[in-house]
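The values are calculated or read from the model by the stated rules, or taken from the named source; none is laboratory data. Note that the structure is predicted; figures quoted are calculated from it, not measured. Note: ideal-geometry Cβ built from the backbone for every residue, glycine included; neighbour counts use all protein chains shown.
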Amino acid sequence: MRIIGISPMHDSSVAIIHNGQVEYFSKEERLTRKKRDMRPYLSFDNAIKYSKGKVDYVVISSPTGDDNFNNQLEHYIKKKIDVKVIRLCDHHHLSHASLAFYNSGFDKSLTVVIDRNGSKFDRLRESESIFISEYPHQFQPIYKSYWLEKIGIFEDNLNYEKIKEITKDWPDCDIVADSTMNITKVYESATTLIGQDALENGKTMGLAAYGKDQSFKSLFVNDVPNTNLFVSRIDYNQQVILKDHLQKQIKEVPKTNYEFYANYAFQVQKQTQQQVLKLVKKYVEKTGIKKVCLTGGYGLNVVTNEYLIKNLPDVQFYFEPIADDTGNSIGAAMYVYRNETKDKKKYPLKHTFFNHIKENFDTLEGVNVTTKEIANYLSQSKIVAVYNGQAEAGPRALGNRSILFDPRNPNAKDIVNKVKNREWYRPFAGSVLKEDMKNYFETHHIKFSPFMTISFQVKENKKNIIPGVIHKDNSCRIQSVDTDIPHFYNLLKEFKSITNESVLLNTSFNMAGEALVESFNDAINTFNKTEIDILWFPELGKMIKK
C-alpha cells in the first residue's frame with residue numbers, strides 16, 4: 001500500500017509511505033528556498049513524479065481547521081491525481097504521536113506530545129497529549145491539555161460543552177483546559193522577549209545557559225500556566241510575552257548587558273522542564289509503562305531531554321528527531337497505513353538522510369582528495385562543508401549537509417558563528433565516534449545518541465580539549481557517529497589519528513535564516529558567498545578549495 005502524507009502550514013512537507021516505510025520525503029522550504037514555506041505544492045508534485053507505483057490514499061494533517069485552505073489543497077491534489085483524500089486535521093497530535101511511536105521501535109509506549117498549537121476546536125487548541133501507543137494502530141489518549149483563546153463565564157460554558165463533545169469517546173482521559181497558555185507558549189514568552197519568531201525557541205535554549213538561577217515568580221500555578229502573567233501581542237503575530245516585559249522587548253541580544261534576557265530564558269527553561277518531568281513521571285507511575293516517546297515542537301529541547309534522562313533513570317526514552325510539524329506528513333501517512341493494513345511489523349528509524357532525491361553530479365570538476373587529507377585540513381582549522389547523498393529530513397545536520405570545524409580551537413564558536421551570521425550566544429553541536437562518546441561526556445546510562453536530540457555535560461578532563469563545542473553551562477548537544485555513516489565515521493577516525501581527539505564541531509550547511517542546503521547548486525552558492533574554505537564531496541572523493 002502506498003500513501004502520500006501532507007503536512008501543510010509552517011514547516012510544510014510531503015511524504016510517501018510504501019508498505020510502512022518512507023519511499024519519498026520532502027520539506028518544502030528546501031526546494032523553494034523560502035524559510036518555513038507553508039504550502040507544499042512543489043513537494044507534492046515531486047512526490048507524484050518520484051512515486052514508484054499507484055497511490056492508494058492521500059492524507060492531510062493540518063494543525064488548522066481552516067476549511068478554505070484545506071479545500072484549496074484538496075482541490076489541487078485532485079487536479080493532479082485521482083485518489084481518495086483523508087483529512088486528519090482534527091488529530092494533529094495523533095500525527096506527532098504516530099511518527100514517534102513507529103520510529104521508536106518500541107512494542108508499547110507512552111507517547112508524549114508537547115506542542116504549541118495542535119488541532120483547534122472552537123476556542124480550544126491542543127497543547128499537550130499523552131497516549132498509550134500499541135501496534136498496529138492503538139493510540140489511547142490518557143491526558144489531553146488545551147489552551148483557551150479566551151477565559152470568562154460565557155467562554156467557560158462554551159468550552160465546557162466543546163470538551164464534552166470532543167472527549168466523549170475518551171472516558172478514561174484526564175482533561176485540562178484552564179489557561180490561555182501552555183508549556184510551549186510559556187517558553188515562547190522568552191523567545192518573543194528577544195525579538196524572535198515563536199518557532200525559534202532553540203535560540204532561547206541557547207541563551208538560557210548564560211542566565212543565573214535567581215528568585216523569580218512561578219510561571220505555573222498548580223501545574224497550570226498562570227494566565228494572568230501573560231499577554232498576547234497581536235502586532236507580533238499572536239506571540240505571547242510576560243506583562244512585566246511589554247516595554248523590554250528587543251530585536252537583538254547584545255553581547256554586553258544581556259543578563260536580564262538570559263536570566264528570563266533560564267527561568268522558562270527551568271520551569272518548563274520541571275513541568276514536563278512532572279507530567280511524564282505522573283503517567284509513568286500511573287500506567288507502569290517505562291518506555292516513553294517524546295515529540296511535538298518542544299521535543300527538540302535537548303536540555304529538557306537530558307533533564308528527563310537524569311531524573312527518570314529507569315525509563316527508556318525515544319526522542320523523535322523530526323519532532324516539529326515537518327514530520328507530520330510521515331506520521332499521518334504511517335497512521336493511515338497501519339489503520340488500513342493492521343501491519344504489526346516494526347521499522348525503527350535508522351537515519352534521517354531521506355530528504356528529496358540523490359542528485360547526480362559526476363561531472364564535478366573538483367580536486368581529488370582523501371578522507372585523511374580532509375581530516376588534516378580540519379586539524380589546521382579549515383572550515384569544511386560536506387555535501388553527500390540525500391539531505392537530512394530533520395532540523396539537525398548529521399553529516400550529509402554539515403559544516404565542520406576543529407573543536408580544539410578556542411575561538412571556534414566565534415569563527416563559525418561569524419561565517420554563518422548567527423547570534424553570538426548560540427552553541428554548536430559535537431559529533432563523536434560512538435565508541436568514544438563515554439570518554440568525553442557524562443552520558444548517564446545512554447550508549448548512543450545518533451540524532452542530536454540530547455545534551456550532555458562534558459567531562460572535567462575534556463573541558464580544555466574541545467572548547468569549540470562546549471556551551472556556557474558546560475553542555476554539548478552530541479551526535480554519536482557509527483559505521484552506518486561511513487564517510488563521517490572514517491573522517492572522525494582519521495581526525496583522531498592526527499589529533500588524538502575524535503570530536504568535530506558540526507553545524508548545518510546553511511546561512512542563518514536560510515533553509516538547509518538541498519541541491520548541488522545550493523551547496524555551490526552557499527560556499528561561494530561565505531568564508532567556508534573547503535566544500536567536500538565524499539562520494540566522489542573530490543573537493544572544491546578556495
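Some notes on this structure:
- Every pair of residues 6+ apart whose Cβ atoms lie under 6 Å, when the first sits in the stretch 1-27 and is among the basic types (K, R) while the second is surrounded by fewer than 24 Cβ atoms within 10 Å (Cβ to Cβ): R2/H18; R2/G53; R2/V55; R2/D56
- Residue identified as farther than 16 Å from I454 by Cα, outside the structural domain of P450 (by TED's automatic domain parsing) and part of a helix (DSSP H, G or I) among T304, T272: T272
- Scanning the stretch 452-464 for residues that are buried (at least 20 other Cβ atoms within 10 Å of the Cβ) and assigned to a loop (DSSP other than H, G, I, E, B) yields M452, T453, I454.
- Checking each residue in the stretch 363-395 for being over 30 Å from R36 (Cβ atoms) and crowded, with 19+ Cβ neighbours inside 10 Å picks out V369, T371, I374, A375, Y377, L378.
- Taking the numbered list (1) crowded, with 18+ Cβ neighbours inside 10 Å; (2) more than 24 Å from the chain's Cα centre (by Cα); (3) in a helix (DSSP H, G or I); (4) of a type outside the set (G, A, S) in turn, R408 passes all entries but (3).
- Qualifying residue in the stretch 498-505 (condition: crowded, with 20+ Cβ neighbours inside 10 Å, assigned by TED's automatic domain parsing to the domain that holds D414, closer than 16 Å to Q380 by Cβ and among the charged types (D, E, K, R)): yes
- Residues of the stretch 42-76 that turn out to be surrounded by 19 or more Cβ atoms within 10 Å (Cβ to Cβ) and more than 16 Å from I330 (Cα to Cα), as a count: 1
- Single residue of the stretch 173-195 satisfying the filter (surrounded by fewer than 22 Cβ atoms within 10 Å (Cβ to Cβ) and more than 21 Å from F131 (Cα to Cα)) that is farthest from the chain's Cα centre (by Cα): T180
- Contacts under 7 angstrom Cβ, first residue in the stretch 419-442 being free of Cβ contacts under 8 Å to residues at least 24 places away in the same chain, partner of a type outside the set (D, E, K, R), 6 or more apart: E442/F456; E442/Q457
- For K310, the test of being surrounded by fewer than 19 Cβ atoms within 10 Å (Cβ to Cβ), basic (K, R), assigned by TED's automatic domain parsing to the domain that holds G430 and touching a residue at least 60 places away in the same chain (Cβ under 8 Å) is failed.
- Taking the listed residues L99, L110, the one that is over 16 Å from Q316 (Cα atoms) and either under 20 Å from the mean Cα position of the chain (by Cα) or in a loop (DSSP other than H, G, I, E, B) (or both) is L99, with no other qualifying.
- Q267 being at pLDDT below 95, within 12 Å of L193 (Cβ to Cβ) and within 23 Å of the chain's Cα centre (by Cα): no
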